[in-house]
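The values are calculated or read from the model by the stated rules, or taken from the named source; none is laboratory data. Bear in mind that the values here come from a model prediction, so they are computed numbers and not experimental data. Glycine also receives a Cβ, built like all others from the backbone with ideal geometry; neighbour counts cover every protein chain displayed.
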Amino acid sequence: MHLAGIRIHPIKSCAGLDLDAVAIEPRGPEHDRRYMLVDAAGRFVTGRQHGALVGLRPELREGGLRVHAGGDAQLPPLEIGTPAAGARRIAVTVWKDSVQAAHVGADADAWFTQALGVPVRLVCMDAAAHRPVAAGHADSGAEVSFADGFPLLLVSQAAVDALSARVGRAMSMRRFRPNLVIGACPPHAEDGWRRLRIGALEFEAPGPCTRCVFTTVDPDSGLRAADGEPLATLKTYRRGERGITFGINLIARGQGRLRIGDPVEVLG
């Protein structure tokens, strides 16, 4: 088995970036989900409600991001710098978690508001913001970015290929928004992994990733599938006590660098 893909999403629910290598930090992959959009109440805004988010394309730049609007939006690219140490802080919520995040600024708010057609604000998880992993795993000392619950998400390529065969058309890996894609293993082999090593880094797998309607949003058009796929098919064979699961969550036991082609070893 080997690491076949690396992907990060600098802004939660926006388009992702494929990488050849990535640094693994205490909060997960470097640059992954460090920015997020929130509503007036500070509640997180995602592609579950606004599919157009997947068409907004962040690009890594020195000291920040450049974001490109998708579709027919007549918007120039937005330049985003890392918030200053004294940036205004906003109490935001991600599911049940509260985080004191840095407000990026009025220009970014206006750009994303115009792009989505709803009022939003852009916030950043800077060094001063903290969010521990889910209860039951807090003793690890690990933190998590603005990801749903854990620092990393892993999916096997074979699981997506098998799902595509069941649906009857190709289901892009981008629908599942993993950080790590594993090649050369059976479909859903990851279900049974509890500890693994990728390259020189070890990881704990606290459990499966529960899936929602966001998987039905086409990563190219931002439109929700009229037939409810792939969620409709997943319901027929991936429903369990925790709901519909696909892929596993990970917590890194250390820091280091991962590269495409790194060997994968199951430790338990």
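Below are the figures for this structure:
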quantity	calculated
Counted residues, the range 57-104 - those being closer than 18 Å to residue 32 by Cα, acidic (Asp, Glu) and free of Cβ contacts under 8 Å to residues at least 24 places away in the same chain	2
All positions within the range 84-125 that are crowded, with 18+ Cβ neighbours inside 10 Å, under 19 Å from residue 51 (Cβ atoms) and small (Gly, Ala, Ser)	115
Residue in the range 214-221 that is modelled with pLDDT of 95 or more and in contact with a strand residue (DSSP E or B) (Cβ under 7 Å, 6 or more places away or on another chain) present	yes
The one condition in (1) touching a residue at least 12 places away in the same chain (Cβ under 8 Å); (2) in contact with a strand residue (DSSP E or B) (Cβ under 7 Å, 6 or more places away or on another chain); (3) surrounded by fewer than 20 Cβ atoms within 10 Å (Cβ to Cβ) that residue 155 fails to fulfil	(3)
All positions within the range 151-173 that are part of a strand (DSSP E or B) and over 15 Å from the mean Cα position of the chain (by Cα)	156
Which numbered condition residue 65 misses (of (1) among the aliphatic types (A, V, I, L, M); (2) touching a helix residue (DSSP H, G or I) at 6+ places or on another chain (Cβ under 8 Å); (3) closer than 17 Å to residue 126 by Cα)	(2)
Evaluation of residue 41 against (1) closer than 26 Å to residue 258 by Cα; (2) small (Gly, Ala, Ser); (3) surrounded by fewer than 14 Cβ atoms within 10 Å (Cβ to Cβ) (one fails), failing number	(1)
Test: residue in the range 222-230 that is of a type in the set (A, V, I, L, M, F, W, C), touching a strand residue (DSSP E or B) at 6+ places or on another chain (Cβ under 8 Å) and touching a residue at least 24 places away in the same chain (Cβ under 8 Å)	yes
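Residue by residue, here is whether (1) out of contact with any helix residue (DSSP H, G or I) (no Cβ under 6 Å at 6 or more places or on another chain); (2) assigned to a strand (DSSP E or B); (3) surrounded by 13 or more Cβ atoms within 10 Å (Cβ to Cβ) holds:
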site: 175; (1), (2), (3): no, no, yes
site: 182; (1), (2), (3): yes, yes, yes
site: 229; (1), (2), (3): no, no, yes
site: 234; (1), (2), (3): yes, no, yes
